[in-house]
Amino acid sequence: MTLIKSISGIRGTIGGNPGMGLSPIDIVKFSSAFAIFLKERLNKSNLKLVVGRDARISGPMVNNFVVSSLVSMGVDVIDLGLSTTPTVEMSVVEKKADGGIIITASHNPAQWNALKLLNEKGEFISGQEGIRLLDIANDETLLNYATYDKLGKVEEDHQAIEKHIDAILSLPLVNVNAIRKANFKIALDAVNSTGGMAILPLLKALGVENVVPLYCEPTGDFPHNPEPLKENLTEISSVVAQKKLDLGFVVDPDVDRLAIISENGEMFGEEYTLVAVSDYVLNHTPGNTVSNMSSTRALRDITEAKGMSYFSSAVGEVNVVEKMKECSAIIGGEGNGGVIYPELHYGRDALVGIALFLSHLATSGKKCSDLKESYPQYAISKNKISLNEGIDVDLILKSIEKKYSNYPCSTIDGLKIELDKEWVHLRKSNTEPIIRIYSESSSMISANDLSNKVMGEIKELIK
């Protein structure tokens with residue numbers, strides 16, 4: 001059993017002893033602490049929060065404890081029920097709420113669930129705020145529950161996804177006419193979570209009549225590992241190729257990551273979801289772009305080729321959003337298929353990613369595979385080194401930085417070394433004694449060679 005308390009939320013496996021998994025006691029404690037945190041942060045005694053969940057089997061149980069805990073703290077709750085992460089984010093703003101809780105473990109397997117915590121802007125709380133939340137949760141004297149006459153109230157909203165779709169359709173760059181005329185044939189794998197509830201009506205509203213749905217019922221019974229990576233998507237890849245479809249879409253359980261399958265059954269590449277959507281947006285709206293430091297260089301290449309500026313951030317959605325605001329970026333996201341389009345909202349959103357990608361594909365007149373080939377081609381190798389307890393990881397990173405001092409280096413998030421058109425990014429884990437090593441080059445062979453070279457140098461330092 002595992003319980004992970006971090007700035008990205010409270011995540012754990014279901015079952016086991018309190019503190020060892022995401023138990024009812026832990027759910028109550030952290031939901032209550034979040035209410036106290038928001039009251040303190042906003043200097044308000046009366047709060048309104050939005051709650052929504054993915055379709056995990058444990059979802060109703062966790063939802064009941066979250067809602068009851070908030071009500072017991074005197075918080076009014078708007079319960080969206082089955083929803084998506086971006087829908088909840090948008091609903092916080094639409095409802096003028098003081099925050100929100102998304103009940104989802106994102107791409108983690110079915111035994112996991114989590115509480116993702118949003119501020120009044122519908123954005124994830126910051127790292128410093130997360131530390132304060134954990135401090136509150138660890139001090140039971142701060143958990144002051146409401147008397148019987150001050151309990152919160154609960155209302156349900158089953159229109160949130162529809163409002164989300166309407167907002168996407170109203171975006172100037174979403175070209176419904178072009179998509180309808182293209183008469184796309186599309187497969188959708190929603191891993192039996194809430195993606196089917198949101199994306200099927202979105203595709204219909206976009207004029208897509210030919211859809212092959214795979215696992216689009218929100219049963220929570222994941223048919224495969226829900227992380228949208230190549231090794232988990234063999235079935236939809238075969239369906240797209242065998243049925244001669246134009247493309248396939250795959251989303252994770254909470255619908256904030258988007259993977260694309262080309263018409264030949266090959267992966268478009270999660271890294272290139274953001275690249276393609278950004279290309280389309282930049283063609284119509286000049287401006288800056290942002291991705292995290294472990295994402296492909298291709299976004300930088302296409303941005304600078306259009307005479308605009310690219311910026312990188314530390315890994316993590318909250319860091320990407322902060323950098324996007326800082327440099328007034330018009331598009332940004334992460335190389336895991338996460339598209340953030342500020343004209344809609346500041347959050348990773350597979351729905352708006354689909355609408356913009358289909359607009360791009362329809363107006364380009366290209367096949368999916370040809371569109372992918374039009375971009376700079378890179379490959380990323382992802383590795384890690386396990387370390388013995390007591391090893392000074394910071395000292396190792398400083399030693400590697402010194403060794404590569406003749407090259408551009410960044411220490412914003414671990415250590416990133418730029419080697420012409422290649423890069424290597426080293427990050428220490430906050431939860432286990434490992435160094436993650438990501439490298440990118442023009443081919444997987446050369447990316448692996450770069451990773452192996454740096455890993456060898458680290459091993460020598462450890463000796």
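If I take R0 = 60 Å and measure r between the Cβ atoms of LEU419 and TYR145 in this structure, what FRET efficiency does the formula 1/(1 + (r/R0)^6) give, to the nearest 0.05? Mind dumping the intermediate values first?
On the way: r = 56 Å, r/R0 = 0.94.
After rounding to 0.05, the efficiency reads 0.60.
For GLN242 and TYR404 in the same chain, what is the full-extension length gain: residue separation times 0.36 nm, less their Cα-Cα distance, in nm?
Result for the pair: 53.5 nm of gain on full extension.
Which distance in nm do the two modelled labels at GLN128 and GLU217 give, with both placed 7 Å along the Cα-to-Cβ direction?
Roughly 5.0 nm, to one decimal.
Let me have the 222 nm mean residue ellipticity of the chain computed from DSSP H runs of 4+ only, each contributing -39500 (n - 2.57), with the sum over all residues rounded to the nearest 500.
Calculated mean residue ellipticity at 222 nm is -11500 deg cm²/dmol.
From the Cα trace of region 283-364, what convex hull volume per residue do you get, rounded to a whole Å³?
88 Å³
Assuming R0 = 22 Å, can you tell me the calculated FRET efficiency for the pair LYS325 and LYS96, based on Cβ-Cβ distance, to the nearest 0.05?
Efficiency, from the Cβ-Cβ distance: 0.60.
Output the DSSP H helices from the chain with an along-axis C-alpha extent of no less than 18 Å and a mean Kyte-Doolittle hydropathy no less than 0.5.
What comes out of the filter, once short or polar helices are dropped, is 24-42, 59-72, 350-364.
Loop-only check: which GluC sites (Glu not before Pro) in region 366-463 are DSSP coil with at most 12 other Cβ within 10 angstrom? Walk me through the numbers before you get to the answer.
Numbers: sites: GLU373, GLU389, GLU401, GLU418, GLU422, GLU440, GLU457, GLU460; in loops: GLU389.
Sites meeting the loop and neighbour criteria: GLU389.
Give, as a single signed number, the net charge of other residues whose beta carbon lies under 12 Å from the beta carbon of LYS384, with Lys and Arg counted +1 and Asp and Glu -1.
Result for the neighbourhood of LYS384: +3.
Between ASN452 and ASN138, what length comes free when the chain is fully extended (0.36 nm per residue of separation minus the Cα-Cα distance, one decimal in nm)?
Result for the pair: 108.8 nm of gain on full extension.
Output the Cα-based Rg and Dmax of region 315-463 in Å, rounding Rg to one decimal and Dmax to a whole number.
Reported Rg and Dmax, both Å: 18.3, 57.
Restricting to the chain, what percent of DSSP beta bridges are antiparallel, rounded to 5? Intermediate results must be reported in sequence, preceding the final value.
Values: 43 of 75 bridges.
If I count the DSSP bridges inside the chain, around 55 percent turn out antiparallel.
Could you calculate the FRET efficiency of ILE25 with ASN225 from 1/(1 + (r/R0)^6), where r is the beta carbon distance between them and R0 is 30 Å, rounded to 0.05?
Working: r = 29 Å, r/R0 = 0.97.
Between ILE25 and ASN225 the formula returns 0.55.
For region 99-250, what is the percent of antiparallel DSSP beta bridges, rounded to the nearest 5?
In region 99-250, approximately 35 percent of DSSP beta bridges are antiparallel ones.
Of the beta bridges DSSP finds with both residues in region 262-385, what % are antiparallel, to the nearest 5?
Given both bridge residues lie in region 262-385, the antiparallel proportion sits at roughly 35 percent.
Would you calculate the separation in nanometres between label points at THR285 and ASN388, each defined as 7 Å from the Cα along the Cα-to-beta-carbon direction?
The answer from the label model is 5.4 nm.
What translational diffusion coefficient, in µm²/s and rounded to a whole number, does the Stokes-Einstein relation yield for the chain at 10 °C and a viscosity of 1.306 mPa s, taking the hydrodynamic radius as the Kirkwood radius over Cα pairs?
69 µm²/s
With labels modelled as points extended 7 Å from the Cα through the Cβ direction, what inter-label distance (nm, one decimal) is found for LEU169 paired with LYS153?
If labels sit at LEU169 and LYS153, their model points lie 3.1 nm apart.
For region 77-217, compute Rg over Rh where Rg is the Cα radius of gyration and Rh is the Kirkwood radius from the inverse mean 1/r over Cα pairs.
Result for region 77-217 is an Rg/Rh of 1.06.
Give the shape of region 59-113 as rounded, prolate or oblate, defined through the alpha-carbon gyration tensor: a ≥ b ≥ c are the square roots of its eigenvalues, a/c under 1.5 means rounded, and otherwise the shape is prolate if a/b is larger than b/c and oblate if not.
Oblate, because a/c is 1.5 or more while a/b does not exceed b/c.
Give the distance, in whole Å, between the Cα centre of region 65-92 and the Cα centre of region 209-249.
Each part reduced to its Cα centre gives a spacing of 30 Å.
Cross-link candidates for LYS459: which lysines have Cα within less than 29 Å, leaving aside residues fewer than 8 places away along the same chain?
By straight Cα distance, LYS459 reaches LYS382, LYS384, LYS398, LYS402, LYS403, LYS416, LYS421, LYS428.
Coordinate-derived values only; no laboratory data. Quick caveat, the model's predicted, so the values are computed rather than measured. Ideal geometry is used to build each Cβ from the backbone, glycine not excepted, and the neighbour counts take in all protein chains shown.
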